[in-house]
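**Q** Take a look at the following structure, please.
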Amino acid sequence: MIDLLVIGFGNDLRSDDGAGRVVAERIDGLGLPGVRVISRSQLTPEMALDLVDAKRVVFVDASVDATEFSAREVEPGGAGGVMTHHGDPCSLLALAAEEGHTPRATLLEIPASNLGMGFDLSPATAAAVEAAVEWIVGRAG
């Protein structure tokens, strides 16, 4: 069982929307012991099997509704664990629960204002990426 699973998700072709994946890549590059990193464009049902092997999971995503970096605990929920081709952290946790294990989970939300085509992050999003990396490093190990 791994200590910490970091899952960064979002569309890395749409500027700020890729912030979760930027965080994941930064964490992966640090090579932190006991930490596994997954970077995907979206959450999919089969990822529940990755959660089953983790003590704790941190989801990292960009949000147009967020005005600043935030961290909040998330619990299993959704439509009885049912997910279509993509979903949200609560539904993925519900699927993991059906497999017999629900890790402690946190969602890190990064503010996103620029969703235009491109790879560059807006200044506020870039600052929030740094805060998210620091938050994760502070809880790893």
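**Q** Per residue of the range 124-132, what does 6.51 cos²θ - 1.76 cosθ + 1.60 with θ = phi - 60° give for ³J(HN,Hα)? Whole Hz please, x for Gly and Pro, Karplus curve as stated.
**A** 5, 5, 4, 5, 5, 4, 4, 5, 5
**Q** Report the net charge of residues surrounding residue 4, where surrounding means a beta-carbon distance below 9 angstrom and charges are Lys +1, Arg +1, Asp -1, Glu -1.
**A** Overall, the nearby charge balance is +3.
**Q** In addition: Can you give the calculated 222 nm mean residue ellipticity of the chain, where each DSSP H run of n ≥ 4 adds -39,500 (n - 2.57) and the sum is split over every residue, rounded to the nearest 500 deg cm²/dmol?
**A** -9500 deg cm²/dmol
**Q** Right, something else. Residue-wise, which Karplus ³J(HN,Hα) couplings in Hz belong to the range 56-64, taking 6.51 cos²θ - 1.76 cosθ + 1.60, θ = phi - 60°, and x for glycine or proline?
**A** 9, 10, 10, 8, 10, 9, 8, 9, 6
**Q** Under 16 Å from a label point 7 Å along Cα→Cβ of residue 64: give me every residue in the range 1-33 with its amide N that close.
**A** 10-19
**Q** Let me ask another. Figure the gain on full extension for residue 11 and residue 75 (residue separation times 0.36 nm, minus the Cα-Cα span) and round it to one decimal in nm.
**A** Contour length minus the Cα-Cα distance gives 20.6 nm.
**Q** A further question follows. At residue 119 and residue 139, where each label point lies 7 Å from the Cα along Cα→Cβ, what is the point-to-point distance in nanometres?
**A** Result: 2.9 nm between the two label points.
**Q** Quick check: pseudo-label points 7 Å beyond the Cα along Cα→Cβ at residue 30 and residue 55, how many nm apart are they?
**A** Taking the two extended label points, one gets 1.6 nm.
**Q** Can you work out ³J(HN,Hα) from phi for every residue in the range 102-107, in order, using Karplus 6.51 cos²θ - 1.76 cosθ + 1.60 and θ = phi - 60°, giving whole Hz and x for Gly and Pro?
**A** Per residue, the Karplus-derived 3J(HN,Hα) values read 10, x, 5, 9, 10, 10 Hz.
**Q** With a cut-off of 8 Å between alpha carbons and a minimum separation of six or more residues, what is the relative contact order of the chain in percent?
**A** Reported as a whole number, the value is 33 percent.
Bear in mind that the values in this text are calculations on the coordinates, not laboratory data. What you see is a predicted model; the values in this text were computed from it and never measured. All Cβ positions, even for glycine, are placed from backbone atoms using ideal geometry, and neighbour counts span all protein chains on display.
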